[in-house]
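Below is one structure, written out as structure tokens, with a few remarks after it.
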Amino acid sequence: MPRLITIPASHFCELARWGLDHAGVDFEEQPHLQVMHLLATTRVGARRLTPVLVTDAGLVQGSVEILDWADQRRAPGRASVRASRARFAELLGVSLDEFGAATRRVFYANVARCSTELGMRINAPGAPVWERRLFRAMYPLMMGLARHACEVDARTVAAARVLIDRALDRVADRLGDGRPFLDGDHLCADDICFASLSVPLHPPPNYAVPLPEIADFPASVQREFNRYAEHPAVAHALNMYRGHRMRAAVDVA
Ligand SMILES: N[C@@H](CCC(=O)N[C@@H](CS)C(=O)NCC(=O)O)C(=O)O
């Protein structure tokens, strides 16, 4: 069975996970905490970043690449969703990676406002016990390294918020004619990509990894979630989760 190496809190990993679930492809998820994921990715000969799918025929690396890999192997009766980075970039006005990096900066800015306990509940579900213990013991250092890797500072977070607002407005324009999906009448890869990469803007329902309740976050983070949830583009992302996320729950024992 293919193994999906993930950082459970990562929205790029969620995109790959959703692609596999949507296609009805069985897989086993191997969640790791940030920084410690490097042991898992280098062990299989992958580059640094997750998600990595380990298959009998070799590695598939990259969220969209895994979604497409799964689409080519989809179970009977599952609808095809082929991703196109170019089409997504045209929709958002920025590339998929730029949008994902921007929402990830907001994620890290929000997690920095949370207690260590809450941060562990957000970041650690499913990770091996030894990783959780070590990460918890060195939490400020680990989160600092993760923020450094993602170039998170006041300037980049402010720029990310501007980029996100512009991209959301473009998505809302596309949805302005009342269409239920970004492509028209059917769920398409853009809906999955957009909804996955928007997860940091507002925790969605029906998520594969257990997330804290909104009420558990600090008030300032809740305010930001609420502001985003009012945007029609984020409302669309949440609707995609509500109606179309066929999830395989991550084993968080
Ligand atoms: N273009 C990649 C981006 C993947 C990516 O940025 N992954 C992040 C998690 S959100 C990661 O593994 N970061 C670990 C690191 O920077 O060492 C994709 O689409 O999968």
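For segment 42-63: of the residues being out of contact with any Lys or Arg (no Cβ under 6 Å at 6 or more places or on another chain) and of a type in the set (Val, Ile, Thr), which is farthest from the ligand (Cβ to nearest atom)? Applying the filter and picking the extreme gives Thr55.
Does Gly62 meet the test of being under 16 Å from the mean Cα position of the chain (by Cα), closer than 16 Å to Arg3 by Cβ and not charged (D, E, K, R)? Before the answer, list the steps.
On the way: under 16 Å from the mean Cα position of the chain (by Cα): yes; closer than 16 Å to Arg3 by Cβ: yes; not charged (D, E, K, R): yes.
Yes.
Every condition in (1) in a helix (DSSP H, G or I); (2) over 21 Å from Ala101 (Cα atoms) holds for Pro212 except the one numbered (1). Looking at segment 86-121, which of its residues are touching a Phe, Trp or Tyr at 6+ places or on another chain (Cβ under 9 Å) and among the acidic types (Asp, Glu)? Of everything in segment 86-121, just one residue is touching a Phe, Trp or Tyr at 6+ places or on another chain (Cβ under 9 Å) and among the acidic types (Asp, Glu), namely Asp97.
Throughout, read-outs are computed from the coordinates displayed, never taken from laboratory work. Keep in mind that this is a model prediction, so the values were computed, not measured. Cβ sites come from the backbone with ideal geometry, for glycine too, and all protein chains shown count toward neighbours.
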